[in-house]
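Asks: Sharing a structure with you now.
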Amino acid sequence: MPKLNENYKNLKESYLFSEIAHRVDAYTKANPDKKVIRLGIGDVTLPLGSHVIEGLHEGVNAMASSETFKGYGPEQGYAFLREAISDYYKRNGICVDASDIFVSDGAKSDTGNITDIFGNDNVILMPDPVYPVYVDTNIMCGRNVTYIAGNADNHFLPMPDPDVHADLIYICSPNNPTGAAYNKEQLKEWVDYALANEAVILYDSAYEAFISDPELPRSIYAIEGAKKCAIEFCSLSKTAGFTGTRCGYTVVPKELVFKASDGSELSLHAMWNRRQTTKFNGTSYIIQKGAAAAFSAEGMAQCQENIRYYKENAKIIASVFDEKGIRYFGGINSPYIWFECPNGMDSWEFFDCMLNTIQVVGTPGAGFGENGKNFFRLTAFGNRENTIEAMERFKAAF
Ligand code: MLT
């Protein structure tokens, strides 16, 4: 009989968004006449830009001829895409070497897979509330997590405690789920703390393209010293509408070198390269052609048009909370609006109430941690008509 990874017994029965989908399916089966509006999972609704579509077509056409056909590609991603990503960083004023970029099928996989290159006895610091993938993938390896509280008092932007040591630090900014974004000074504090503790920051910048405030950093590498202490994950899911198309990337700077227990030096870049070449055969050529088109100046202008549309949705949602005097966070440099559940309800109670009374699906804050239990997340990724209708229903009911 096999010995099983019993750490799985320590996980919640199902992943947050699977649990929500299950409850919504049950409701729609029981109430087929009701129009349910989904503002729960952060899934985009606008089609891919025409520039990306052209890139994808080019990729498909290349596959149709023996002169241009592609078999296995480089596990790290094609040079044309790594260069295009590096160039995108450069246009945002940040220097990232193309050879430090690893292309993948998305930030969710990479933030989970990165656990492979770290040992089990690290002190792992995470904010609460937090994207559940970081927590669950560590539980799967039998690791303990130390939480730092995000709350209304610190605007859901917890800061390091110099008296508490950490080896690994998870940061997501702009944040999922709260929509809060660290400024340069705050991120500098985290970088200084990581350097002082010889810790590694695992920085998720999946929502960087939603930042319009020029004072807010769009990458951890906008902070001096970060290349010595941070890995950055990013994704085209929200930037370019690739939730279904799948493409992301992880930056592992060659400067990240740490001592092994026998005193030898280990490079995180080399370890991640070893991990990826062993366990991953790369993202498909066709998808990488589409991704490279998204990172061109013209492609990114189309992506920004879609982002403006979603941010307008965020304004529509936030204006109802303003009108109702409901306290909320995010929605400015982020597609998420994080608000206090009305009438003192807890977040699952409010989830059921929203579904049953106004047929609007959101995400209960408790799914992101203990500190989310009285908060609720709505996404701005719906279409305009549904967003307006959802908020009209909300306004009438609460
Ligand atoms: C979310 O809704 O939190 C995200 O869409 C999940 C993800 O990006 O995996």
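The values are calculated or read from the model by the stated rules, or taken from the named source; none is laboratory data. Note that the structure is a prediction, hence the values are computed from the model and not measured. A quick note on method: Cβ atoms are made from the backbone with ideal geometry, for glycine too, and the neighbour counts reach across all protein chains shown. To get the accessible areas, we keep the full protein, side chains included, count just its heavy atoms, and leave off ligands, DNA and RNA. Shrake-Rupley method; radii C 1.70, N 1.55, O 1.52, S 1.80 Å.
Residue-wise test of (1) of a type in the set (A, V, I, L, M, F, W, C); (2) under 23 Å from T28 (Cβ atoms); (3) out of contact with any His (no Cβ under 6 Å at 6 or more places or on another chain); (4) modelled with pLDDT under 95.
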site	(1), (2), (3), (4)
I326	yes, no, yes, no
F339	yes, no, yes, no
C353	yes, yes, yes, no
T357	no, yes, yes, no
G367	no, yes, yes, no
A380	yes, yes, yes, no
K395	no, no, yes, no
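Asks: Among what's in the range 178-198 and is part of a loop (DSSP other than H, G, I, E, B) and free of Cβ contacts under 8 Å to residues at least 60 places away in the same chain, pick the residue that is least open to solvent (accessible area, probe 1.4 Å).
Replies: Here is the first cut: in the range 178-198, the ones part of a loop (DSSP other than H, G, I, E, B) are 178-183, 198.
Those still in the list that are free of Cβ contacts under 8 Å to residues at least 60 places away in the same chain too: 182-183.
Numbers: Y182: 17, N183: 49 Å².
Filtering the range 178-198 for residues that are part of a loop (DSSP other than H, G, I, E, B) and free of Cβ contacts under 8 Å to residues at least 60 places away in the same chain, the one least open to solvent (accessible area, probe 1.4 Å) comes out as Y182.
Asks: Can you run down the residue pairs with Cβ atoms below 7 Å, 6 or more apart or on separate chains, where the first is in the range 91-110 and assigned to a strand (DSSP E or B) and the partner is among the acidic types (D, E)?
Replies: Within 7 Å, the pairs are S104/D110.
Asks: Right, another one. Using the structure shown, decide if A64 is surrounded by 15 or more Cβ atoms within 10 Å (Cβ to Cβ) and among the hydrophobic types (A, V, I, L, M, F, W, C). Give the derivation first.
Replies: Working: surrounded by 15 or more Cβ atoms within 10 Å (Cβ to Cβ): no; among the hydrophobic types (A, V, I, L, M, F, W, C): yes.
Taking the combined requirement at face value, the residue does not satisfy it.
Asks: I would also like to ask the following. For the range 178-206, name all the residues that are within 14 Å of Y131 (Cβ to Cβ), of a type in the set (A, V, I, L, M, F, W, C) and in contact with an Asp or Glu (Cβ under 7 Å, 6 or more places away or on another chain).
Replies: Hits for the range 178-206: nothing passes.
Asks: Given the criteria within 16 Å of the ligand (Cβ to nearest atom) and out of contact with any Ser or Thr (no Cβ under 7 Å at 6 or more places or on another chain), does K90 qualify?
Replies: no
Asks: Would the range 165-177 turn up any residue that is more than 15 Å from Y134 (Cβ to Cβ), more than 16 Å from the ligand (Cβ to nearest atom) and either part of a loop (DSSP other than H, G, I, E, B) or in contact (Cβ under 8 Å) with a residue 40 or more places away in the chain (or both)?
Replies: Yes: the range 165-177 contains one or more residues that are more than 15 Å from Y134 (Cβ to Cβ), more than 16 Å from the ligand (Cβ to nearest atom) and either part of a loop (DSSP other than H, G, I, E, B) or in contact (Cβ under 8 Å) with a residue 40 or more places away in the chain (or both).
Asks: Out of everything in the range 328-374 that is within 18 Å of Y134 (Cβ to Cβ), part of a strand (DSSP E or B) and hydroxyl-bearing (S, T, Y), what residue ends up being nearest to the chain's Cα centre (by Cα)?
Replies: Looking at residues that are within 18 Å of Y134 (Cβ to Cβ), part of a strand (DSSP E or B) and hydroxyl-bearing (S, T, Y), I get Y336.
Asks: Residue check: is G382 over 24 Å from N151 (Cα atoms), crowded, with 22+ Cβ neighbours inside 10 Å and within 16 Å of the ligand (Cβ to nearest atom)?
Replies: Yes, satisfied.
Asks: Considering (1) open to solvent by 20 Å² or more (accessible area, probe 1.4 Å); (2) within 28 Å of E185 (Cα to Cα), say which one Y134 fails and leave the rest.
Replies: (1)
Asks: Would you check if V52 is within 29 Å of G382 (Cα to Cα), among the β-branched types (V, I, T) and away from the ligand (no atom under 16 Å from the Cβ)?
Replies: yes
Asks: Out of all the residues in the range 21-49, which are within 16 Å of the ligand (Cβ to nearest atom), open to solvent by less than 70 Å² (accessible area, probe 1.4 Å) and in contact (Cβ under 8 Å) with a residue 40 or more places away in the chain? Talk me through it step by step, then tell me what you get.
Replies: Narrowing the range 21-49 to residues within 16 Å of the ligand (Cβ to nearest atom): 21-24, 37-46.
Right, trim to open to solvent by less than 70 Å² (accessible area, probe 1.4 Å) and you get 21, 24, 37, 39-40, 42, 44, 46.
Result: V24, I37, L39, G40, G42, V44, L46.
Asks: Something else: What number of residues within the range 368-379 satisfy the criterion of being open to solvent by 10 Å² or more (accessible area, probe 1.4 Å) and either under 11 Å from I41 (Cβ atoms) or in contact with a helix residue (DSSP H, G or I) (Cβ under 6 Å, 6 or more places away or on another chain) (or both)?
Replies: Qualifying residue count for the region: 2.
Asks: Right, something else. Scan the range 223-232 and tell me whether some residue there is in contact with a helix residue (DSSP H, G or I) (Cβ under 8 Å, 6 or more places away or on another chain), buried (at least 24 other Cβ atoms within 10 Å of the Cβ) and closer than 29 Å to L378 by Cβ.
Replies: Checked the range 223-232: at least one residue is in contact with a helix residue (DSSP H, G or I) (Cβ under 8 Å, 6 or more places away or on another chain), buried (at least 24 other Cβ atoms within 10 Å of the Cβ) and closer than 29 Å to L378 by Cβ.
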